[in-house]
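The values are calculated or read from the model by the stated rules, or taken from the named source; none is laboratory data. Computed from a predicted structure; not experimentally measured. Glycine also receives a Cβ, built like all others from the backbone with ideal geometry; neighbour counts cover every protein chain displayed.
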């Protein structure tokens, strides 16, 4: 449109002010907590926009602006929270500004508009304005409708009269709702955003940043284009719902003969199994459905952070999904994929049991000390020692009363391996509690076998001997298919483990969203136990841990010296439940997802391609190639050779992708 074009003089003055730097802006309104949709906007404005325009790094500038024009909804709490989230996400703005810092300039511009016959003081109520807009709507749809005059009766009042009334608005001589300043735009336009927008209204509310200096406040539509221009923004990037505001955006800048930024729109982020509406999120908090704005089930930056998502994970997710003008629904599994990929590298391993069952080792006389790597594929990151004692805890999921061919855990009369021990353990007796066989057993009596011993011809039929007294060789070292985790009962650290699941039971919550809240979105395990190595190294709030064979967790702020509290970030592997995305969309969405995943794989360094596959492998070499399967068994030479071929293929693809994007 013609109004969007800068004159030569405006453009030259803009470049002179910026020194040739290219500017974007991230302008949240401080009326709530930032969520993952804002993470996408940050990534776009601080990084992706420059990448798409091939802007050299030394010419990139992003302004962080609080669009604080509505004192009724804004607060210092939100201002501080947004700043903290931006810093935590790792973005560094060239400057931090407030729209309210420009209130005087904006007021002066309003007077200029009145003087130029382009604004007027109006006394219509909200209902009056709505009725006039309905008339304009009918007239725009049918020019011959003659539905009436949509204009305010005060639209053509004398300029001086509007100036005097606007001054009274500013000095507190007009009541709230008694007058507004409106822009004299075009009531015959088919675009509702051109129907004489309100520019100023009277509000007797102190401003969280500007204080009580003002009682007239500019609207968002009046403010954001002017401040974009005042801050010399090159690319004003918004979500798609602002596309119809382009015309009004440029009308105002043209009316004041100001520099015009380029405006771009992209689709708002939508993720399955959650909601991103501030209104709905506020209702969840106020209604006590969640613990607060930082509840680990919330899609807020603070909620995701408390759940264990890092800034790197969120930024890699945003890089992966990119931006588009098409509305789409991103599966939450994509976000979880990047969590597993990142946490698999950063998380120290410890063993634990969420629902512990006591195990007594009948033939262990003395405790044994074993060593476990903190990160299996990175020996240089250290190790920790744990003790195999006479009484242990195993998780209830690792025991069944009845065995089956596809089950590799413990069962009566069955033998399993113990992680990090050259030993097997056989269940010899099940001791039931008050609940009988319908409840988990009170205790399991087991015996150890030793894989470090060579079998003898007599051993095959011999019973288990005394592991502490040299009789262990009587048990044949038959290697079991399953290895289970364990925790010394004598040294176990008590913990509260919070298992977080999706907040909603459906992919896309609708008008009945409150009825679709998942009642099992939070399951608290109060009797969990963790091996004591968790106390040997720092476990401050936010420390990531992998409870082996269970999932990725993070230390929660509710932890005390007496009780460790862990939040589950994600499970070790993706759930296999069926999606509830409508069938008429599934093919296109699946194709789009597959294309996106293929594109994302190109950007994965070969050293990281296997590290997230902890459901298949448990140890890796210094290049990230797997060396053992999930149970700790060494992979065959042919299997490793095949994996190395895949590694080399990924290396070539990754290097080609880097070269093309350079």
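Between 619, 595, 639, which is within 17 Å of residue 373 (Cα to Cα) and either at pLDDT 70 or above or surrounded by fewer than 17 Cβ atoms within 10 Å (Cβ to Cβ) (or both)?
619
In a loop (DSSP other than H, G, I, E, B) and in contact with a helix residue (DSSP H, G or I) (Cβ under 8 Å, 6 or more places away or on another chain): is that true of residue 309 in this structure?
yes
Where in segment 1-57 are the helices (runs of 4 or more DSSP H), entirely inside, with at least 2 residues that are closer than 22 Å to residue 246 by Cβ, out of contact with any strand residue (DSSP E or B) (no Cβ under 6 Å at 6 or more places or on another chain) and at pLDDT 95 or above?
8-18, 36-43
Which number in (1) farther than 19 Å from residue 253 by Cα; (2) crowded, with 20+ Cβ neighbours inside 10 Å; (3) in contact with a helix residue (DSSP H, G or I) (Cβ under 6 Å, 6 or more places away or on another chain) marks the one condition that residue 69 misses?
(1)
Taking the options 134, 161, name whichever one is part of a helix (DSSP H, G or I), in the same structural domain as residue 33 (by TED's automatic domain parsing) and over 43 Å from the mean Cα position of the chain (by Cα).
161 is the lone residue from the list that is part of a helix (DSSP H, G or I), in the same structural domain as residue 33 (by TED's automatic domain parsing) and over 43 Å from the mean Cα position of the chain (by Cα).
Name the residue, out of 105, 86, that is assigned by TED's automatic domain parsing to the domain that holds residue 212, in contact with a helix residue (DSSP H, G or I) (Cβ under 8 Å, 6 or more places away or on another chain), part of a helix (DSSP H, G or I) and farther than 21 Å from residue 24 by Cβ.
105
Within segment 559-575, track down each residue that is under 22 Å from the mean Cα position of the chain (by Cα) and exposed (fewer than 15 other Cβ atoms within 10 Å of the Cβ).
The answer is 573, 574, 575.
Can you give me the ranges of the strands (runs of 3 or more DSSP E) entirely in segment 330-396 with at least 1 residues that are surrounded by 21 or more Cβ atoms within 10 Å (Cβ to Cβ)?
Result: 348-350, 356-361, 383-388, 391-395.
Would you be able to say whether some residue in segment 602-613 is surrounded by 15 or more Cβ atoms within 10 Å (Cβ to Cβ), closer than 17 Å to residue 349 by Cα, modelled with pLDDT under 80 and in contact with a strand residue (DSSP E or B) (Cβ under 6 Å, 6 or more places away or on another chain)?
No: zero hits.
Given the conditions (1) in the same structural domain as residue 64 (by TED's automatic domain parsing); (2) buried (at least 18 other Cβ atoms within 10 Å of the Cβ); (3) touching a residue at least 60 places away in the same chain (Cβ under 8 Å); (4) in a helix (DSSP H, G or I), report the number of the one that residue 259 does not fulfil.
(4)
Would you say residue 141 is assigned by TED's automatic domain parsing to the domain that holds residue 24 and either at positive phi or surrounded by 14 or more Cβ atoms within 10 Å (Cβ to Cβ) (or both)?
Judged against the criteria, residue 141 is not a match.
Looking at segment 625-647 only, could you name the residues that are part of a helix (DSSP H, G or I) and more than 32 Å from the chain's Cα centre (by Cα)?
Once the filter is applied, which keeps residues that are part of a helix (DSSP H, G or I) and more than 32 Å from the chain's Cα centre (by Cα), segment 625-647 yields 637, 638, 639, 640, 641, 642, 644, 645.
Take residue 285 and tell me if it is over 17 Å from the mean Cα position of the chain (by Cα), in a loop (DSSP other than H, G, I, E, B), free of Cβ contacts under 8 Å to residues at least 40 places away in the same chain and surrounded by fewer than 22 Cβ atoms within 10 Å (Cβ to Cβ).
Here the answer is no, as residue 285 does not meet what is asked.
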